[in-house]
Amino acid sequence: MDGIQLIDVSKEFKTADSYKVALSSINFTIHEGEYIGILGLNQSGKSTLARLLNGLLKPTRGRVLINGMDTDSPQQLKEIRQLLGIVFPNPDNQLICPIVEEEIAFGPENLGLSPSEVHKRVSWALEIVGMQEMRNHAPHLLSGGQKQKVALASVLAMEPSYLVLDEPTSMLDPLSRREVLEHLRMINQENHMTIILISHNPEDLMDAKRLIVLNEGSIYMQGTPKEVYGDMGKLGAVGLNPPGLYQLIQQLEEEGYRIDDNFETIPQLVEKICQK
Amino acid sequence: MNDIKLGQYVHGNSLIHSLDPRTKIICCTFIVIGILSSHNFWYLLAFLGLILVAIKYSGTPLSSIWRSMRGIRYLLLITFLFQAVLTQGEAVFQVGALSVTREGVVIGLINLLRLVILFLGSILLLMTTTPMKLSAGLEFLLLPLNKIKIPVQYFTTIISIAFRFIPTLVEESLSIKDAQRSRGARFDSPKILSNLKSYLAILIPLLASSMLRAEDLAEAMDSRCYGGNPNQYRMRTLKYDRVDIYLIIFMAIVLLAGLLI
């Protein structure tokens, strides 16, 4: 069965004298080709969730299934990690090799691909993130945004079906942040890769088609961006603010303007407002 | 931290630069064997000349090599003095109870030459080869050791991670130093002990953050299916030319000559 399934997943960490519950009874299914946003403040269990998905952590209770494979079985871990790539928050700590090109070749090489195939994938991944001219640079000479793009490319080069991004923009300046998000949208639409974007910033998740809001280790809200961001009261109760776009819609509606639901991007909304 | 430049790669387009790293490593091995097995002063002197020609040819600035030589001047001096004084033989002159012998001076000079040649040879290797080419060459040459269960590729991965993180750690140590300084720490105190304490205050946060980095890095490597395979992609850049073969043959002859003399 294709897709990601979490069945009643809980994760507890042992601390000095007690157990700390990071996630409790999480259930959800993600289908191939979706663009999912996972929203939550710090300590809501977001990063634990990411690490559960590719078997870096094992659930205390419940099962995590990737295309039907359980992350609990060590034999299938390599296959699972090939299917599901993760980009981590800190670009500096996930680049392994001293040259950009080698960094991107690292994953495909571990999959045992032939050098010519590796070479092809390196060029392809560099092209997607627009970093061809940095091919022979050393990672420490790149800016934060460029480093994160290299990290993204290095996961892309493994051609995963699912791409999980754990706070990929938290250490980036606004411009690089927009660029990375734009790349993700393209990868989802043109390469049909499933994107699971984890963030504490609702603005980051504007492109997601479905949102899962985590709070204190359990699912707090779920639905389309319109449904989730429309409920400002419920979001506000856990300290999250909807993106400016949705606040604008809310205010317009309070003033008596009706906005149709089916817009997906800011330009579409602008178009709609201007027509009125 | 500024001394890290010793033996650092200097970009260039000379013949020495374009040699295959494997050739350079093999030649360096020949040099080591040659000079350690020969006791002939003139042979060693000829060897020194050969290396100086190679340095001149590589376009490496002689001034920077001279500067790095100064780093080992005490080692050279002590080696020479001890050999000169402690070797039994015909005394040349006497300083108090110590006598400098003729044999001692000769052996001292030979060992001095050996050290200088070793030093210059390795400096030349490091200054004309990028770290990555060097590690690709090493990995290729040592890979047969895999057969006797020595995991060569692990060592080269360690080396390559070190190369990746040296600049990052240097940067971090500078920012920790700035942070400490902005809170009044002194790094130029005339008292050695308080200076030492200040540097300890850099070392401990640096160590702590390295641990965190290591954990993150391990997760990233794990996520990308790292299983300790040889780095074929890097070794793909290795290419033997005719010059490489000529050079290896030449060095082998030089080595053989040394063994026969």
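The values are calculated or read from the model by the stated rules, or taken from the named source; none is laboratory data. Quick caveat: nothing in here was measured; it's all calculated off a predicted structure. Reconstructed Cβ throughout: ideal geometry from the backbone, glycine too, with neighbour counts over all protein chains shown.
Within the range A:100-122, track down each residue that is within 25 Å of the chain's Cα centre (by Cα), within 9 Å of chain B (Cβ to nearest Cβ) and in a helix (DSSP H, G or I).
Within the range A:100-122, A:101, A:102, A:103, A:105, A:106, A:107, A:108, A:109, A:110, A:118, A:122 qualify.
Name the residue that is farthest from the other protein chains (Cβ to nearest Cβ), counting only residues in the range B:152-181 that are closer than 11 Å to residue B:202 by Cα, touching a helix residue (DSSP H, G or I) at 6+ places or on another chain (Cβ under 6 Å) and of a type outside the set (D, E, K, R).
Ranking the qualifying residues of the range B:152-181, first place goes to B:180.
Got a sec? Which of B:216, B:241 is under 28 Å from residue A:123 (Cβ atoms) and either touching a Ser or Thr at 6+ places or on another chain (Cβ under 9 Å) or small (Gly, Ala, Ser) (or both)?
Working: B:216 fails: either touching a Ser or Thr at 6+ places or on another chain (Cβ under 9 Å) or small (Gly, Ala, Ser) (or both).
Exactly one residue qualifies, and that residue is B:241.
Go through the range A:86-99 and give me each residue that's facing chain B (nearest Cβ under 7 Å) and either farther than 23 Å from residue B:132 by Cβ or of a type in the set (Lys, Arg) (or both).
Within the range A:86-99, A:86, A:88, A:90 qualify.
If the requirement is being among the aliphatic types (A, V, I, L, M) and either in a strand (DSSP E or B) or outside the structural domain of residue B:52 (by TED's automatic domain parsing) (or both), which of these qualifies: B:92, B:105?
After ruling out the rest, the residue left standing is B:92.
Only one of these is under 25 Å from the mean Cα position of the chain (by Cα) and crowded, with 17+ Cβ neighbours inside 10 Å: B:234, B:224. Name it.
Working: B:224 fails: under 25 Å from the mean Cα position of the chain (by Cα).
When all the criteria are applied, what remains is B:234.
Residues that are within 22 Å of residue A:82 (Cα to Cα) and in contact (Cβ under 8 Å) with a residue 12 or more places away in the chain: list the helices (runs of 4 or more DSSP H) wholly contained in the range A:142-249 that include at least 1 such residues.
Where helices (runs of 4 or more DSSP H) fall fully within the range A:142-249 and carry at least 1 residues being within 22 Å of residue A:82 (Cα to Cα) and in contact (Cβ under 8 Å) with a residue 12 or more places away in the chain, they are A:144-156, A:174-190.
What number of residues in the range A:52-81 are surrounded by 20 or more Cβ atoms within 10 Å (Cβ to Cβ) and within 14 Å of another protein chain (Cβ to nearest Cβ)?
9
Could you go through the range B:104-119 and let me know if any residue there is among the charged types (D, E, K, R), closer than 27 Å to residue B:36 by Cα and buried (at least 17 other Cβ atoms within 10 Å of the Cβ).
yes
Just the residues that are within 13 Å of another protein chain (Cβ to nearest Cβ) and either among the aliphatic types (A, V, I, L, M) or part of a helix (DSSP H, G or I) (or both), please, taken from the range B:128-151.
Within the range B:128-151, B:131, B:132, B:133, B:134, B:135, B:136, B:139 meet the criteria.
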